[in-house]
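The values are calculated or read from the model by the stated rules, or taken from the named source; none is laboratory data. Owing to the predicted nature of the structure, the values given are computational and were not obtained by experimental measurement. Neighbour counts are summed over all protein chains in view; Cβ atoms, including those assigned to glycine, are modelled from backbone coordinates with ideal geometry. All accessible areas refer to the heavy atoms of the entire protein, side chains included, with ligands and DNA or RNA removed. Shrake-Rupley method; radii C 1.70, N 1.55, O 1.52, S 1.80 Å.
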Amino acid sequence: MRGISRLEGDPDLQFLLKGGDLLKVLSPSWKKTRYFRLQEDCKTMWRESKKTFKKNDTFSLDDISAVQMGRQSEGLKKNTEEQVEDRCFSIIFKSRRKNLDLIASSEEEAKQWVKSMQKVVSNLNNLSQKQKTEHWILSCLRKADKNKDDNLSPSEVKSFLHLINIEVDDEYMEMLFKKCDKSKSGTLTGEEIKHFYDLLTQRDEIDVIYGEYAKTTGFMSAQNLVDFLMKEQREKATLADAHRIIEMYEPDENAKEKKLLSKDGFLMYLNHPDAMILNPDHKDVYQDMSQPLNHYFISSSHNTYLMEDQLKGPSSTEAYIRALQKGCRCVELDCWDGPDNEPVIYHGYTLTSKILFKDVIKAISEHAFKTSQYPVILSLENHCSVEQQEVMARHMSSILGSALITSPLSDGMPTNFPSPEELKGKFLIKGKRLNKLEDTFAEAAADDNDVTEEEESNDEDAQKEKSTKKKLKLAKELSDMVIYFKSVHFNSFEDAQKNLSFYEMASFKEGKAMKLAEESANAYVRHNVEKFSRIYPAGSRTDSSNYNPVPLWNAGCQIVALNFQTPCTDMDVNQGRFLVNGKSGYILKPAFMRDVATDFDPITLTRGDWLKHKTLHVMVISAQQLPKVSQKKSSIVDPLVKVEIYGVPADVAEKETKPFDNNGLNPSWNENFQFDVYVPELALVRFSIEDYDSISDNDFVGQYTLPFNSLKMGYRHVPLFNKNGNLLPSAGLFVHIMVMDAE
């Protein structure tokens, strides 16, 4: 049962398999030696604790987001001295798990650890779906082989079946075992294990589909493949396209030479990301990015500094980094006076920890444009004295430099927002301003440095602050940095239309915004054609829970801020909305939401030229390699699939399959659903898998959400994300999709 890694024999892999001692850093005084080693599955890191009764810890390489050399992490900067810079490195995880900050015995050893781990993680990430499946199966085989003799006894086979999330009765297991035990030795070895593996990974549904089109001596010819692509997948395909697919995916050289596609090649093609359910043309930036900024939905975070809840949870620069890595383009900075004339960021009037404003700006500057090149909005919730506001302005100016927008892009007074394309690599400040932008062009600067503080902080902290309106002293240096996003109080849509300039925007608490979206939907849509709206969670959500962003998007609201630190269905939907367009964090609103005279009303669905009713047909066929939800050995998943539509109220719908008992390896349903979708431009489709429980709530297994208009038709694999929004490496769903114009 050798490893399938393409790195077998590689010196970097051998270094990790041998392992070594590293100093784990938790605080300036807590630095303990731990032994780290890569396990034989080439996928799991093992960490030995020196404590007698302490459980040894493991983590999967699949959970690693990055391995960084040097004192880059917040923890290493705070807890180590500069002289150990060259010996430090950090392991950054995709989930909410804390970074692992480590010190090696020498610079050379630190570089070796970083280089080796980066290589193995990259290798894992680049495995094909078939290789991931083999890797997963073989790692489970190793775990099941208790005595490490490379043979599997019947009891070890049963253990293996539990590990891969499938329950079979003893009689069936015995039949399967005897079928594979050709040598009659009572154990499976070598080719017998491979035969057992082949039986387990048999995909009957693929056999049926392939058999329909494999008309050339049991293979698919290039023409057969063109027929499949055009008839089933609804793609325009030529013989040249078919030849390219055969060249890329056919593993058998003889078949490839004859321009034939085997069943293995066919499955490899169907498992490739470009052949899955998400339209590959929508993965990169494909929308017009030259429209005014307010014509886009913008991925936005609330209380970005928090890692957990907003009463006593930790604040961290890592929270900003993680949000930016997920494509967030609007982050919040809750600013308060700190010691030594250095402003701090934390959730006011709570026990959340504090971080330096300048450290946050540095982290944002370093990580803002790694996922997306499009502009980042810094939403300032300012509670600082004038003196510390001046410090804030100096920090932003010195750290962000020319990337910070401090004057309109045009020479004269602007009349509209610039576009995301024009603002690539730029930062914009949202906050209070002493005067109107027009005044600076009229050379009538304000003498008074008082503004009324009517920001969301007053709603969130109403129980702590008696007055809902008070005077905030504002530093001119900070005020002058607010160009395109001046925070103002909202009175009414009529007042905004009459008295507010295009760049003056209001923030709405979720309750007020939801009420407007329900009772004045068309007025809200029209307001957002010309102005910006920011929505934020109610202050009562002390657990950092979220709200459904969809009704606010339906009303054209651009900045619908969510707690990125909290995994939930609402964040899944947010991830689905911004999954496309290069994960740029900007999604162009439909044309009927960019017209000042629009009659679009998401509640009443007033009929207009924009209405294009579609019918969606979904056949849920099967799933593969679902993870175990419970860590109990005897626990096997009973999966069911939910298909949900998010969008305008008329489109909201949910349907689910029956549960499939005791099988997470290859459950099948073959159930058909139909949905009517009236506003496809705003609709999202969510596929989720749950572990059915007749007594309590179902457990979440995985999900995938994408825009309705990014669906590909035909037989498609659906990747699955875990609750933290990270890809489950081997798991997937298999469906058939058909979208038709409704009669």
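Numbers below:
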| quantity | calculated |
| --- | --- |
| Search result, residues across region 555-575 that are open to solvent by less than 10 Å² (accessible area, probe 1.4 Å) and under 27 Å from TYR484 (Cβ atoms) | ALA555, GLY556, CYS557, GLN558, ILE559, VAL560, ALA561, LEU562, ASN563, ASN574 |
| Considering residues of region 218-236 that are free of Cβ contacts under 8 Å to residues at least 12 places away in the same chain and assigned to a loop (DSSP other than H, G, I, E, B) only, the residue most open to solvent (accessible area, probe 1.4 Å) | LYS236 |
| Number of the condition not met by HIS302 [criteria: (1) under 30 Å from PHE592 (Cβ atoms); (2) crowded, with 24+ Cβ neighbours inside 10 Å; (3) touching a helix residue (DSSP H, G or I) at 6+ places or on another chain (Cβ under 7 Å)] | (3) |
| Selection status of GLY425, at pLDDT below 95 and either part of a loop (DSSP other than H, G, I, E, B) or aliphatic (A, V, I, L, M) (or both) | no |
| Complete set of residues in region 323-352 that are surrounded by fewer than 23 Cβ atoms within 10 Å (Cβ to Cβ) and closer than 17 Å to ARG96 by Cα | GLN325, LYS326, GLY327 |
| Single residue of ILE621, ILE689, ILE587 found to be in the same structural domain as ASN554 (by the TED database), at negative phi, assigned to a strand (DSSP E or B) and open to solvent by less than 30 Å² (accessible area, probe 1.4 Å) | ILE587 |
| Within region 697-716, considering residues that are in contact with a His (Cβ under 9 Å, 6 or more places away or on another chain) and not aliphatic (A, V, I, L, M), the one nearest to MET738 (Cα to Cα) | GLY714 |
| Selection count where residues are touching a Pro at 6+ places or on another chain (Cβ under 8 Å) and either open to solvent by 30 Å² or more (accessible area, probe 1.4 Å) or of a type in the set (S, T, N, Q) (or both), scope region 396-409 | 1 |
| Failed criterion for TYR210 (all others in (1) open to solvent by 50 Å² or more (accessible area, probe 1.4 Å); (2) in a helix (DSSP H, G or I); (3) within 19 Å of HIS717 (Cβ to Cβ) hold) | (1) |
| Filter result (among the hydroxyl-bearing types (Ser, Thr, Tyr) and not in a helix (DSSP H, G or I)) within region 251-304 | SER262, TYR286, SER290, TYR296, SER299, SER300, SER301, THR304 |
| Residue selected from region 237-253 under the condition crowded, with 20+ Cβ neighbours inside 10 Å and either touching a residue at least 24 places away in the same chain (Cβ under 8 Å) or polar (S, T, N, Q) (or both), by the criterion nearest to GLY714 (Cα to Cα) | ILE245 |
| Leading residue by the ranking (nearest to GLU504 (Cα to Cα)) among those in region 398-413 that are touching a residue at least 60 places away in the same chain (Cβ under 8 Å) and touching a helix residue (DSSP H, G or I) at 6+ places or on another chain (Cβ under 8 Å) | PRO408 |
| Odd one out for ILE91, checked against (1) under 24 Å from the mean Cα position of the chain (by Cα); (2) over 30 Å from PHE564 (Cα atoms); (3) surrounded by 19 or more Cβ atoms within 10 Å (Cβ to Cβ) | (2) |
| Any hit, region 625-637, residues being in a strand (DSSP E or B) and surrounded by fewer than 20 Cβ atoms within 10 Å (Cβ to Cβ) | no |
| Evaluation of LYS182 against (1) part of a helix (DSSP H, G or I); (2) farther than 22 Å from LYS263 by Cβ; (3) among the charged types (D, E, K, R); (4) in contact with a helix residue (DSSP H, G or I) (Cβ under 7 Å, 6 or more places away or on another chain) (one fails), failing number | (1) |
| Which listed residue is open to solvent by 20 Å² or more (accessible area, probe 1.4 Å), in contact (Cβ under 8 Å) with a residue 24 or more places away in the chain and not assigned by the TED database to the domain that holds SER60, from SER139, SER183, SER153 | SER153 |
